[in-house]
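**Student:** Sharing a structure with you now.
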Amino acid sequence: MTQPDKAAQYAQAARDIRAVLDGEPDRTARMATVASMLTQAFEHYFWAGFYVVDPERPGELVVGPYQGTLGCLRITFGRGVCGTAAAEKQTVIVEDVHAFDGHIACDSRSNSEIVVPVLDGAGELIAVFDVDSTEFAAFDEADRAGLEGIMTEIFGG
């Protein structure tokens, strides 16, 4: 899929998500809906979901709403792709997860990954949104822009 096509697909997904979530204040319901709708919208998504900052265990993420095979239950900040994105509050795109030092293999069929930090209106990290693909180099700047925009709009206050 070319970048303009993917960008248009993310724009449509954002409109659809906004329409479904209009007036819904519950964060878990919002996360579950985003994970479900994005997984349905993109064929290159193999696993998609949230790892939420655990308020009881600072510096740790716990699995939240997701679509796909079994996910890791807990990830420490700084560990793996999700932990790196959480620690740095920056999106991380990995073309080949097998070459990423410290990658956590929740499912050996995953070959590439994008992880986007999810910030609240005050700029505090509340979660990361993780997407894996069985394809190598499945994620690019169109995915980054689309996902960052959706996460900011839906969770950024």
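The values are calculated or read from the model by the stated rules, or taken from the named source; none is laboratory data. Note that this is a predicted model, so its numbers are computed, not measured. Neighbour counts are summed over all protein chains in view; Cβ atoms, including those assigned to glycine, are modelled from backbone coordinates with ideal geometry.
**Student:** Among the listed residues 123, 78, identify the single one that is outside any strand (DSSP E or B) and touching a helix residue (DSSP H, G or I) at 6+ places or on another chain (Cβ under 6 Å).
**Tutor:** Of 123, 78, the one residue that is outside any strand (DSSP E or B) and touching a helix residue (DSSP H, G or I) at 6+ places or on another chain (Cβ under 6 Å) is 78.
**Student:** In addition: If we scan the stretch 90-105, do we find a residue that is under 17 Å from residue 64 (Cβ atoms) and of a type in the set (Asp, Glu)?
**Tutor:** Taking every residue of the stretch 90-105 in turn, none turns out to be under 17 Å from residue 64 (Cβ atoms) and of a type in the set (Asp, Glu).
**Student:** Within the stretch 14-49, which residues are assigned to a helix (DSSP H, G or I) and among the charged types (D, E, K, R)?
**Tutor:** Hits for the stretch 14-49 are 15, 16, 18, 27, 30.
Residue by residue, here is whether (1) within 14 Å of residue 46 (Cα to Cα); (2) touching an Asp or Glu at 6+ places or on another chain (Cβ under 9 Å); (3) modelled with pLDDT of 95 or more holds:
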{"site": "77", "(1), (2), (3)": "no, yes, yes"}
{"site": "102", "(1), (2), (3)": "no, no, no"}
{"site": "109", "(1), (2), (3)": "yes, yes, no"}
{"site": "115", "(1), (2), (3)": "yes, yes, yes"}
{"site": "125", "(1), (2), (3)": "no, no, yes"}
{"site": "133", "(1), (2), (3)": "yes, yes, yes"}
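**Student:** Here's another thing I want to ask about it. Hey, among the residues in the stretch 32-51 that are aliphatic (A, V, I, L, M) and in contact with a helix residue (DSSP H, G or I) (Cβ under 8 Å, 6 or more places away or on another chain), which one's surrounded by the fewest Cβ atoms within 10 Å (Cβ to Cβ)?
**Tutor:** Only one residue tops the list, namely 41.
Condition check ((1) surrounded by fewer than 19 Cβ atoms within 10 Å (Cβ to Cβ); (2) more than 13 Å from residue 129 (Cα to Cα); (3) among the hydroxyl-bearing types (Ser, Thr, Tyr)) across all residues:
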| site | (1), (2), (3) |
| --- | --- |
| 6 | no, yes, no |
| 21 | yes, yes, no |
| 30 | yes, no, no |
| 76 | yes, yes, yes |
| 88 | yes, yes, no |
| 96 | yes, yes, no |
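**Student:** Could you grab me the full set of residues in the stretch 104-157 that are buried (at least 21 other Cβ atoms within 10 Å of the Cβ) and either over 14 Å from the mean Cα position of the chain (by Cα) or farther than 19 Å from residue 31 by Cα (or both)?
**Tutor:** Selection gives 110, 112, 133, 138, 139.
**Student:** Quick one: what pairs do we get from the stretch 68-96, first residue closer than 15 Å to residue 50 by Cα, second among the acidic types (Asp, Glu), C-beta under 6 Å, 6+ apart or different chains?
**Tutor:** Filtered contacts from the stretch 68-96: 69/107; 74/60; 76/60; 81/113; 82/130.
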